[in-house]
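In what follows, a structure is listed as structure tokens, so that the remarks can point back to it.
The values are calculated or read from the model by the stated rules, or taken from the named source; none is laboratory data. Bear in mind the structure is a predicted one, so any value in this text is a computation, not a measurement. FYI the Cβ positions are ideal-geometry reconstructions off the backbone, even for glycines, and counts take in every protein chain you see. Side chains are part of the model used for accessible areas, which takes the heavy atoms of the whole protein and leaves out ligands, DNA and RNA. Shrake-Rupley method; radii C 1.70, N 1.55, O 1.52, S 1.80 Å.
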Amino acid sequence: MSLMTPTSPEASRHTGPYLQVEDLRVHFETDDGTVKSVDGLSFAVEKGKTLGIVGESGSGKSVTSMAVMGLHTSKNARISGSIKVDGQELVGAPIDVVRRLRGQKMAMIFQDPLSAMHPYYTVGNQIVEAYRIHNDVSKKAARAHAIDMLDRVGIPSPRDRVDAYPHQFSGGMRQRAMIAMALSCDPSLLIADEPTTALDVTVQAQILDLIRDLQREFHSAVVIITHDLGVVAELADDIVVMYAGRKAEHGSAEQLFGEPQHPYAWGLLGSMPRFDRPPTERLLPIKGTPPSLINVPEGCAFNPRCEFSSRVPGERCVTDRPEALDAGGGHRVACHLPTAQRRQIWADEIAPRLA
Amino acid sequence: MNDAAPLLEVEDLVKHFPVKGRGLLQRATQAVQAVDGVSFSVRRGETFSIVGESGCGKSTTARLVTRLLAPTSGTVRLDGKDISTLPERQLRPLRRDVQMIFQDPYSSLNPRHTVGKIVGAPFRLQDVEPEGGRKRAVQELLSLVGLSPEHYNRYPHEFSGGQRQRIGIARTLALKPKLIVADEPVSALDVSIQAQVVNLLEDLQDELGLTYVMIAHDLSVVRHVSDRVAVMYLGKIVEVADRDDLYEHPRHPYTAAMLSAVPVPDTRRRTERERIRLQGDVPSPIDPPPGCRFHTRCWKATEVCRTEEPPLVQIGPAPGHLAACHHPEEK
Ligand SMILES: Nc1ncnc2c1ncn2[C@@H]1O[C@H](COP(=O)(O)OP(=O)(O)OP(=O)(O)O)[C@@H](O)[C@H]1O
Ligand SMILES: Nc1ncnc2c1ncn2[C@@H]1O[C@H](COP(=O)(O)OP(=O)(O)OP(=O)(O)O)[C@@H](O)[C@H]1O
Ligand code: SF4
Ligand code: SF4
Ligand SMILES: [Mg+2]
Ligand SMILES: [Mg+2]
């Protein structure tokens with residue numbers, strides 16, 4: 001991929017997960033009150049592994065990834081907890097430290113390619129600039145590299161298109177251009193926020209292969225955020241299901257798809273049209289509306305929408321906040337229902353409904 | 001007006017974007033052949049979807065149909081009336097009957113306007129006073145799309161991607177249009193909200209007799225919502241059929257490749273499935289390959305494919321199943 005290997009003064013001597021997030025909180029002060037976008041989130045990603053984050057829109061996935069990238073600069077953002085990349089703490093670290101890490105060790109593919117690209121500069125120039133910030137190479141070499149990267153992400157005749165402006169690219173091409181920009185410095189940590197939603201399935205397959213290649217070649221840690229449960233099923237080793245800024249469920253892909261245990265995860269699976277099954281008349285969305293992050297429901301944030309809360313004795317669903325506890329084999333579930341009962345419900349009531 | 005006549009008829013639609021050449025040839029202008037001879041018609045009350053590789057011209061087609069762009073040539077008839085050559089000032093009634101939901105929920109919302117102002121804009125622009133007042137109408141629209149009325153005074157940047165898309169949809173629905181052209185309407189939404197929006201679009205279709213032209217990459221969603229599906233490749237329609245025919249008996253090799261690449265939410269399927277991986281050069285719409293435009297990547301290509309363009313013709317027993325291929329799949 002790149003000719004340059006980013007050299008870091010403090011070359012990785014750290015052992016353990018490459019990215020470790022602990023009790024992360026990102027709150028925003030607004031006129032209406034404090035928006036608790038991320039509220040006590042923990043996860044870790046080893047090198048060479050892929051973590052998938054799925055969850056409701058507005059559940060804090062992008063806010064989490066922006067926090068890891070050190071991109072919450074607005075005054076109303078309050079961040080606490082810990083984010084360690086290669087052993088180095090980022091929460092509270094000086095801006096230039098984070099910025100250096102951002103070019104050399106970590107890169108992000110944004111959900112929104114238009115806002116990540118400047119409308120007045122050509123696509124090629126933007127890749128060249130991004131590359132030259134962290135790599136001491138001539139303009140010419142950087143341009144050749146940019147064309148090479150555009151080619152790798154499947155932009156047709158990259159030599160002709162490198163001087164186009166973002167608005168002259170289709171949505172999917174912009175997305176690929178941004179992926180080219182992110183991958184141009186061979187990041188050890190790649191955060192991909194909805195990297196393929198704007199792409200058709202054949203290009204999507206190509207981009208997922210590219211991410212897999214990157215991972216094999218550079219042993220990168222990858223975090224992929226997506227709504228597409230199919231994509232995480234293909235790519236992720238582990239999966240975090242988020243709800244209202246917190247973790248509802250966390251386990252291996254096999255655990256999550258084989259025996260999901262959180263009622264919210266069941267809802268997600270039930271609401272998607274399944275390509276691998278005959279078409280149904282109507283989709284089954286989770287009832288109710290997403291929670292306000294200003295007035296998060298007491299107890300379990302999912303309780304106003306949960307059809308199983310009545311099976312939990314007492315009023316615990318509305319009074320106690322469930323922790324994400326180990327339900328066996330490292331499969332963590334934040335729900336007051338006892339594990340055995342959840343497994344039963346899955347087997348008897350949910351799985352047949354999905355088939 | 002004849003109810004059996006199609007609501008929308010597109011004939012031989014072409015859109016070329018001029019681009020500058022490189023180096024010495026800077027002034028010799030070339031053109032991106034974004035849409036190059038597309039014909040289809042959409043019946044009243046149906047959902048017609050367009051799928052295809054990114055960059056193949058789907059959004060451009062959508063923008064031509066809604067007259068956000070003027071075509072290079074070809075016609076677009078809405079209710080029998082040719083709108084392809086209408087001058088800008090005569091487009092006002094069209095702007096009411098035809099609405100567009102955009103692919104990109106970020107750039108399509110004015111960051112300086114409140115949600116209330118954005119969703120209420122169509123009322124202002126078209127001078128409509130809904131029953132119960134504009135504010136109430138807007139708040140009803142907000143709850144219709146799964147947002148809360150309390151969002152009325154907030155700004156787009158305070159919302160997630162999915163929430164912003166719902167704002168856009170609410171705005172689209174304000175004037176109860178005849179035709180909605182939706183460019184990736186649900187791709188930014190999580191599956192649960194997506195299901196709500198899909199159900200909502202279906203309900204609105206039943207209630208108001210809406211007609212949809214839908215563009216989407218998610219082939220599971222497309223299968224769920226569509227009556228008919230067209231597949232585009234490099235500016236042309238290569239296959240069009242009723243939904244079930246297309247998904248069960250794809251005739252064009254590109255369609256078959258696409259269907260094989262759909263990711264399935266089941267880890268057991270990781271190893272089982274056989275995906276057709278497209279090899280070969282991705283052609284450029286500036287200089288599309290001669291003959292069949294897919295031949296540079298098609299595993300079935302023969303000599304005739306490189307020289308003769310296959311016409312879009314009826315293939316197989318299902319009525320209205322058209323494909324443009326010299327060697328169609330037989331399944
Ligand atoms: N600067 C901000 N000020 C106030 N609230 C914010 C700000 N940025 C994000 N939020 C809120 O934080 C919540 C989480 O947003 P985030 O973008 O992380 O969602 P998401 O999980 O990525 O959703 P999607 O899947 O739709 O992209 C949302 O409710 C959003 O409105
Ligand atoms: N204003 C423009 N100037 C030059 N080229 C353009 C312009 N708008 C679109 N194009 C080109 O036209 C082709 C078709 O673009 P279009 O946006 O219609 O693709 P699309 O099928 O919607 O793709 P996607 O699925 O990625 O959104 C692309 O090659 C694109 O670069
Ligand atoms: S804790 Fe209660 S409300 Fe929350 S998911 Fe479990 S059963 Fe439902
Ligand atoms: S016409 Fe030939 S090249 Fe084109 S899709 Fe058919 S077999 Fe492939
Ligand atoms: Mg997001
Ligand atoms: Mg498009």
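Screening A:GLY172, A:GLY251 for residues that are within 13 Å of chain B (Cβ to nearest Cβ) and assigned to a helix (DSSP H, G or I) leaves exactly one candidate, A:GLY172. Looking across the stretch A:169-194 at every residue that is within 24 Å of A:GLY58 (Cα to Cα) and more than 17 Å from the chain's Cα centre (by Cα), the one that is farthest from ligand 4 (Cβ to nearest atom) is identified as A:ARG174. Are any of the residues in the stretch B:306-322 in a helix (DSSP H, G or I) and away from chain A (no Cβ under 14 Å)? Yes - at least one qualifying residue is present in the stretch B:306-322.
Among the residues examined, B:SER192 does not qualify as at pLDDT 90 or above and of a type in the set (Gly, Ala, Ser).
Please tell me if B:SER192 is touching a residue at least 60 places away in the same chain (Cβ under 8 Å) and polar (S, T, N, Q).
Numbers: touching a residue at least 60 places away in the same chain (Cβ under 8 Å): no; polar (S, T, N, Q): yes.
In short, no.
One residue stands out among those in the stretch A:74-91 that are in contact with a His (Cβ under 6 Å, 6 or more places away or on another chain) and among the charged types (D, E, K, R): the one that is surrounded by the fewest Cβ atoms within 10 Å (Cβ to Cβ), which is A:ARG78. Quick check on the stretch A:280-289. Is at least one of its residues open to solvent by less than 20 Å² (accessible area, probe 1.4 Å), outside any strand (DSSP E or B) and at pLDDT 90 or above? No, because not a single residue in the stretch A:280-289 is open to solvent by less than 20 Å² (accessible area, probe 1.4 Å), outside any strand (DSSP E or B) and at pLDDT 90 or above. Each residue in the stretch A:105-146 was checked for being at pLDDT 90 or above, open to solvent by 20 Å² or more (accessible area, probe 1.4 Å), assigned to a helix (DSSP H, G or I) and farther than 30 Å from A:GLY58 by Cβ, and 6 pass.
Against the condition more than 7 Å from chain B (Cβ to nearest Cβ), surrounded by fewer than 22 Cβ atoms within 10 Å (Cβ to Cβ), touching a residue at least 24 places away in the same chain (Cβ under 8 Å) and not in a loop (DSSP other than H, G, I, E, B), how does A:GLY270 come out, does it pass? Talk me through it step by step, then tell me what you get.
Numbers: more than 7 Å from chain B (Cβ to nearest Cβ): yes; surrounded by fewer than 22 Cβ atoms within 10 Å (Cβ to Cβ): yes; touching a residue at least 24 places away in the same chain (Cβ under 8 Å): yes; not in a loop (DSSP other than H, G, I, E, B): yes.
So A:GLY270 passes the test.
Scanning the stretch B:199-218 for residues that are surrounded by 23 or more Cβ atoms within 10 Å (Cβ to Cβ) and facing chain A (nearest Cβ under 7 Å) returns a single hit, B:HIS217. Residues that are modelled with pLDDT of 85 or more and surrounded by fewer than 21 Cβ atoms within 10 Å (Cβ to Cβ) number at least 2 in the following helices (runs of 4 or more DSSP H) confined to the stretch B:101-185: B:115-125, B:134-144. One residue alone among A:TYR121, A:TYR131 is away from every other protein chain (no Cβ under 14 Å) and more than 25 Å from A:TYR18 (Cβ to Cβ), and that residue is A:TYR121.
A quick yes/no check of all residues on (1) under 19 Å from A:SER65 (Cβ atoms); (2) assigned by TED's automatic domain parsing to the domain that holds A:ALA324; (3) free of Cβ contacts under 8 Å to residues at least 12 places away in the same chain; (4) outside any strand (DSSP E or B):
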position	(1), (2), (3), (4)
A:ALA182	yes, no, no, yes
A:LEU208	yes, no, no, yes
A:GLU217	no, no, no, yes
A:ILE224	yes, no, no, no
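Of all residues in the stretch A:214-233, those satisfying the criterion of being closer than 18 Å to A:LEU190 by Cα, away from ligand 5 (no atom under 15 Å from the Cβ) and surrounded by 24 or more Cβ atoms within 10 Å (Cβ to Cβ) are A:SER220, A:ALA221, A:VAL222. One residue alone among A:ARG305, A:ARG332, A:ARG311 is open to solvent by 70 Å² or more (accessible area, probe 1.4 Å), more than 15 Å from A:GLY245 (Cα to Cα), in contact with a helix residue (DSSP H, G or I) (Cβ under 8 Å, 6 or more places away or on another chain) and in contact (Cβ under 8 Å) with a residue 24 or more places away in the chain, and that residue is A:ARG311. Restricting attention to the stretch A:126-140, the residues that are more than 15 Å from A:LEU183 (Cα to Cα) and in contact (Cβ under 8 Å) with a residue 12 or more places away in the chain total 1.
Scanning the stretch A:152-169 for residues that are part of a helix (DSSP H, G or I), within 8 Å of chain B (Cβ to nearest Cβ) and open to solvent by less than 30 Å² (accessible area, probe 1.4 Å) gives a single hit, A:ARG161.
Residues checked against (1) open to solvent by 20 Å² or more (accessible area, probe 1.4 Å); (2) in a loop (DSSP other than H, G, I, E, B); (3) within 14 Å of chain B (Cβ to nearest Cβ):
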{"position": "A:PHE43", "(1), (2), (3)": "no, no, no"}
{"position": "A:GLY48", "(1), (2), (3)": "yes, yes, no"}
{"position": "A:GLY52", "(1), (2), (3)": "no, no, yes"}
{"position": "A:SER62", "(1), (2), (3)": "yes, no, yes"}
{"position": "A:HIS72", "(1), (2), (3)": "yes, yes, yes"}
{"position": "A:ALA93", "(1), (2), (3)": "yes, yes, no"}
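Of all the numbered requirements in (1) within 14 Å of another protein chain (Cβ to nearest Cβ); (2) without any contact (Cβ under 8 Å) to a residue 60 or more places away in the chain, A:ALA116 misses one, and that requirement is (2).
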